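What follows is one structure encoded as structure tokens, with my remarks underneath.
Bear in mind that the values in this text are calculations on the coordinates, not laboratory data. What you see is a predicted model; the values in this text were computed from it and never measured. Quick reminder, even Gly has a Cβ in these numbers, built from the backbone with ideal geometry, and neighbours come from all protein chains shown.
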Amino acid sequence: MASSSKTEQKKMLILKSSEEEEFEIEESIAVQSGTIKNMVEDDFTLIPLPNVDTETLIKIIKYMKKHGEKTKSNEKDIEEFDKEFVKKSFTELKELVLAANYLHITSLIDLLCQAFADRIKNKSVKAIREIFGIPNDFTPEEEAEVYEQHKWAHEEGKEHIDHSAY
Amino acid sequence: MNTAAFSKRKMRSWRKSLSIPYEITFHILSHLPVKSLMRFKCISQFHNSLVSDKDFVNKHQSLSMTRPGRIKLTNKLKMVNPPFFILSILINSIDHNPITSNDFLEFVNGLFCLSTLHQPPVICNPSTREITSLPNIHVDRYSQCSLGYEPEEKIYKVLFVQLENTRIYSETYARNWVFTLGVDKSWKNIDNVLHFRRLKEGVCINGVIYMLNDYIWEKTVVEFDLKVHMGYQKIYMRF
């Protein structure tokens, strides 16, 4: 729709968290989420997000707002923001990555996955199971076999293995 | 008790037990170094098979190419002084003679193939420290062993060519075998329709092994298509 008006009427959307709290956001920023973009194309302005709780949604909106104003000059600034953004507990990161996945925000998924990878690479197997809630479905014999096959990976530099689940 | 806070905590602990979706696990793991991945195979059956999955390995490898600290290895290396520390350790760990300057080492898409006289070829993965001897096959001075990677099916195949009559002026009949890593239990013989004079070492490009048929008066390049597999060979060009 062509408009000769000089006033910029930015289209606003309302995002509703699973706890029914509503947040207003510019459409141009919200469409960084593929899921939201699809709903906008189907003419939604009130976007219910039953899979995202309020706390997580606030963080996501903060991310999208920061990345929405990306220009050539503030790249360093955004890099710093991203670095600080992932300094969160594993629980928070998990919530974020589930939400980012649901919302199809590619850059955020990439950022979070890289952050996870960096933080878990030296962790012990037990710690990983605890962090992600993964049950051990190996029998002791099976696990010993897999361990033996790649013993070097467990033995070499094992003093550097981090056993904490945080 | 604050009921709103309580139900919030209850929901959060329920959410905690929600498992990370497959794509996210795949994504996270593809950013990890190989050593961590080898350890994480012990996490669960799912992780064990995911780390070895062809598509995962492919994704991980392409991401590795973009990371700093990678080493670019040339395709063919003559072993003068064994330059690869890890390779030497691995070779010594199996029943194999130490590497000498008569040996031939080939590197294709992350795997080494070591050809030694009178011993079957050995395949080695320096990242995962895995090493395996191929099934017995007679290797002499007129054998030519070539490792290839077929990118569509994401599998490795070893082509073994044995020239029969080795008098330098005569054309000689060649016998060929192919071994598909992870699939075959023994070498598969392939009928050959071409004759060679002297075959020199091959190069694998995009699923096809090219070898030089080197003779005094003519040189030709022969190609062996790993995809078509049951041994289609042809003269590619004369020069």
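Couple of notes before you dig in:
- Using a Förster distance of 35 Å, the FRET efficiency for B:H138-B:K54 (Cβ separation, nearest 0.05): 0.65
- Distances between placed amide hydrogens fall under 5 Å for A:D162 paired with A:K123, A:S124, all partners being 5 or more residues away or on another chain.
- Ordered by the number of other Cβ atoms lying within 10 Å of each residue's own Cβ, fewest first, A:S124, B:S64 fall into the sequence B:S64, A:S124.
- Computed from phi, the 3J(HN,Hα) profile of segment A:75-80 under the Karplus parametrisation 6.51, -1.76, 1.60 (θ = phi - 60°) reads 4, 4, 4, 5, 4, 4 Hz, with x in place of Gly and Pro.
- For segment A:124-139, backbone phi angles converted through the Karplus equation (6.51, -1.76, 1.60; θ = phi - 60°) give residue-by-residue couplings of 6, 4, 4, 4, 4, 4, 5, 4, 9, x, 9, x, 7, 9, 8, 7 Hz, Gly and Pro being listed as x.
- GNM result for chain A, Cα springs below 10 Å: residue of A:E145, A:E24, A:E69 fluctuating most strongly: A:E145
- Averaging the Cα positions of each part gives two centres, and for segment A:61-99 and segment B:122-142 these lie 47 Å apart.
- Fraction of beta bridges assigned by DSSP in chain A that are antiparallel (%, nearest 5): 55 percent
- Placing R0 at 41 angstrom, the Cβ-Cβ distance between A:K70 and A:H163 gives a FRET efficiency of 0.55 after rounding to 0.05.
- A:R119 paired with B:E152, simple spin-label distance in nm, labels 7 Å along Cα-to-beta-carbon: 4.4 nm
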